[in-house]
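A.B. asks: Here's a structure for you.
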Amino acid sequence: MTVHELDSGDALFGFDEKLLLVLWNAAAEQMTGYSAEEVLGRPCWEVLRGTDTEGTRVCRPACGYARLMKLGVTPSGPRLQIATKDGARRRVSLSLLTIRDDDEPRYLHLIRPEEAAPDRSEETERPPELTERQRHVLELAGAGLKHGAIGDRLGIAETTVRNHLAIVVFKLDCSTPAQAVERARRLGLIPGQDGQAPP
């Protein structure tokens, strides 16, 4: 079975390593108003134009989700607002999977409408687990160090620093490293700006 033969009752789309759409099912057409003929071969980020609930752009050429999936890490699916053909924005949640089609990876996103944002009260939320290295990288990023300087300090490659930050951003359900730093501080995963862990 190839990726082109996959289907779902929910909206489903797939893209290749260049982020070009290779699958767009009938439910995706119904949800967005875009036909498969209109979108196949186009970049997924250009079609969906997804943002987080604060309006920060998530779908972009340097897609963090795709980057993690290429590294073999499948993060939990994000909650986004995506564009529809009529110009509206629709709140959705995504499920992410990676398959191999003739030894060439394909990346699939299953889209479900989400009418109300789930409760993310940090008082009841269990903080995600970060490795010691991930905490160190995030703490140094919070101190204002650039990727190269973090790598020098920890004795790791700059690419490794970027990968750690990408994983942490998704573990903390954020859109940027800066947001991840602030959230990690609030959850007590790294010290606050004064060097003290929150009470």
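A.B. asks: Does the range 36-45 include one or more residues that are crowded, with 19+ Cβ neighbours inside 10 Å and β-branched (V, I, T)?
C.D. replies: yes
A.B. asks: Next question. Of all residues being part of a loop (DSSP other than H, G, I, E, B) and either of a type in the set (K, R) or in contact with a Ser or Thr (Cβ under 6 Å, 6 or more places away or on another chain) (or both) in the range 75-95, which is farthest from D52 (Cα to Cα)? Just the residue, please.
C.D. replies: K85
A.B. asks: Among the listed residues L110, L68, identify the single one that is surrounded by 15 or more Cβ atoms within 10 Å (Cβ to Cβ), modelled with pLDDT under 90 and touching a helix residue (DSSP H, G or I) at 6+ places or on another chain (Cβ under 8 Å).
C.D. replies: The unique qualifying residue is L68.
A.B. asks: Which condition breaks for V73 when tested against (1) out of contact with any helix residue (DSSP H, G or I) (no Cβ under 7 Å at 6 or more places or on another chain); (2) surrounded by 13 or more Cβ atoms within 10 Å (Cβ to Cβ)?
C.D. replies: Condition not satisfied by V73: (1).
The values are calculated or read from the model by the stated rules, or taken from the named source; none is laboratory data. A quick note: this is a predicted structure, and the numbers were derived from the prediction, not measured. Virtual Cβ from ideal backbone geometry, glycine too; neighbours counted across all protein chains shown.
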